[in-house]
Amino acid sequence: GKVNCKNMKQDCPVPTCPRATLLPGHCCHTCPKGPPEKSPAPPFDTFEYFQDKEDDLDKPYNDRSYLSSEGLARDDARTEFVALLTSGPEPWHPTSSAVAKARLTLLRSYLLFSISYERLGRPSRVRFSDPEGNVLFEHPVQKSATPEDGMLCGMWRTVSKANIQLLRGEQLRVSLVTRAQPSGEVHGHILKHRALFAETFGAILTSSDPTHLGAGGMAMLTLSDTENNLHFILMARGLLEPGAGESPWVPLRVRILHQGQTLREVRANITEEDPDFAEVLSELSAHELQWLVQGQLRIVAETEGRHARQLAGTITTRRSCDTIQSVLCGADALLPTKTGAVGSAKLALHENGTLEYQVQVVGTASEVVGITLETKPRRKSKRNVLFDMTPSYKDGLAQGAWQTPSARDAHMLLQNELFLNVATKDWAEGELRGQVISLPYSGLLARY
């Protein structure tokens, strides 16, 4: 449920003696050997009950508060960071056209990272260093630790308070070390970014000219909550040649392409100091949304004029080392149950938009008649089913792949807005239910 906490200490009666003491387990100071203090009001009288925003949600339904990705992003114990890694700049001279993107999560004193890279040989180490270049931590990359090509996962355990301050102050650098470049082939500053919690699609941009070293970029994209508008932020490095133009402003053209055909085009002026660029593409068509989730769209950023340069990359669903999972229980069912049944699920969203799933159910009171992926219901009679997994269910296990999720479905999945529901003969509305949530990378697989 939703709980509102109140600090009772402000309501304490003023003690009548000069040397009042605070007894263990008490909120208010009391006089020595005096009677225990009386609470000024019964504690439950001061509670406030939050009304849910959705008044049309039927009240008999279980409306437990659930974790949203925005809520997770604002969690004090959890902070998200990002870094764009390219070869160069000073004091390193560009030696490579490789580009990498690092998503980092500080969870208390643990720094978890998911790094995707392109045009880079297999990294041997991930290195974190301070502004002076001193190495603070190195994570060796095991051959079998990478879940897929072009992606590596890791964890810096027990980061010191001084290093957390550097991290929060955007003072830390991260580098990928390769055998060819022991000083680090690509580097980047670790930054906080407001777009991180909302990012559900992304792209790494590499230079169209392989001889153009030290250039690269990344795009973070997300759909609007209700309209089919695509918001994106483009961060680029090496697009502008230092001192190339008379004017500080350089025209930039950003295009979205499908099979070489330009679907959308936006223009802006950027400067060397501020090469980042944000834009909204409004009212995407059904085809554009389908190509977006299937990884069939490319984003191209190019400067115009004498020193024209171009960066391009494929837009895919957000890549991460996190585990998409769900724990199913009766207490979370829309009409809560206490049958003792439980379930668990693991899901994987691939870059071509396919959602692979495995749902295990144990101890239901009667036969399972439906396993469905759903959104949060708006009304009692309107459970919104996105995908029915029931045909793949056999002997306590449903497994298979959903080939055609929409861009909106993928967006909601990565924003922790979907639920799994298990219906049985006795509980037609659902005996088990659970929110589908991305769990931070745990490092457990790294040792195998």
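The values are calculated or read from the model by the stated rules, or taken from the named source; none is laboratory data. Because the structure is a prediction, the values reported are computed rather than measured. With ideal geometry, Cβ positions are generated from the backbone for all residues, glycine too; neighbour counts draw on all protein chains shown. Please note that ligands, DNA and RNA were not included when accessible areas were found on the heavy atoms of the full protein model with its side chains. Shrake-Rupley method; radii C 1.70, N 1.55, O 1.52, S 1.80 Å.
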- Query: Residues of the stretch 352-371 being closer than 14 Å to Thr316 by Cβ and open to solvent by 70 Å² or more (accessible area, probe 1.4 Å), which ones?
  - Reply: Asn352
- Task: Of all residues in the stretch 139-190, count the ones that are of a type in the set (Val, Ile, Thr), buried (at least 17 other Cβ atoms within 10 Å of the Cβ) and outside any loop (DSSP other than H, G, I, E, B).
- Result: 3
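Condition check: open to solvent by less than 50 Å² (accessible area, probe 1.4 Å) and farther than 26 Å from Lys425 by Cα. Does Leu297 satisfy that?
Judged against the criteria, Leu297 is a match.
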- Task: Look through Gly313, Gly305 and report the one residue that is at pLDDT below 95 and either assigned to a loop (DSSP other than H, G, I, E, B) or under 18 Å from Glu199 (Cα atoms) (or both).
- Result: Gly305
- Query: Going by the structure shown, is Ser320 crowded, with 16+ Cβ neighbours inside 10 Å and in a loop (DSSP other than H, G, I, E, B)?
  - Reply: yes
- Within the stretch 265-277, track down each residue that is open to solvent by 60 Å² or more (accessible area, probe 1.4 Å) and either in a loop (DSSP other than H, G, I, E, B) or within 20 Å of Asp225 (Cβ to Cβ) (or both). Glu272, Glu273, Asp274, Asp276
- Selection within the stretch 370-412 - among the aliphatic types (A, V, I, L, M) and not in a helix (DSSP H, G or I): Ile371, Leu373, Val385, Leu386, Met389, Leu397, Ala398, Ala401
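Per-residue answers, yes or no, for (1) over 26 Å from Gln296 (Cα atoms); (2) open to solvent by less than 10 Å² (accessible area, probe 1.4 Å); (3) in contact with a Ser or Thr (Cβ under 9 Å, 6 or more places away or on another chain):
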site	(1), (2), (3)
Ile315	no, yes, no
Pro336	yes, no, no
Lys346	no, no, yes
Arg378	yes, no, no
Thr390	yes, no, yes
Trp402	no, no, yes
- Which one of Gly216, Gly238 is at pLDDT 90 or above, out of contact with any Cys (no Cβ under 6 Å at 6 or more places or on another chain), buried (at least 17 other Cβ atoms within 10 Å of the Cβ) and not basic (Lys, Arg)? Gly216
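Hydrophobic (A, V, I, L, M, F, W, C), touching a residue at least 60 places away in the same chain (Cβ under 8 Å) and open to solvent by 10 Å² or more (accessible area, probe 1.4 Å): does that describe Val422?
On the way: hydrophobic (A, V, I, L, M, F, W, C): yes; touching a residue at least 60 places away in the same chain (Cβ under 8 Å): yes; open to solvent by 10 Å² or more (accessible area, probe 1.4 Å): no.
Against the criterion (hydrophobic (A, V, I, L, M, F, W, C), touching a residue at least 60 places away in the same chain (Cβ under 8 Å) and open to solvent by 10 Å² or more (accessible area, probe 1.4 Å)), Val422 does not qualify.
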- Note on the structure: The residue that is modelled with the lowest pLDDT, considering only those in the stretch 259-283 that are within 26 Å of the chain's Cα centre (by Cα) and farther than 16 Å from Thr200 by Cα, is Pro275
- Query: Which condition number in (1) at pLDDT 75 or above; (2) exposed (fewer than 10 other Cβ atoms within 10 Å of the Cβ); (3) within 30 Å of Ser208 (Cα to Cα) is the one that Glu90 fails?
  - Reply: (1)
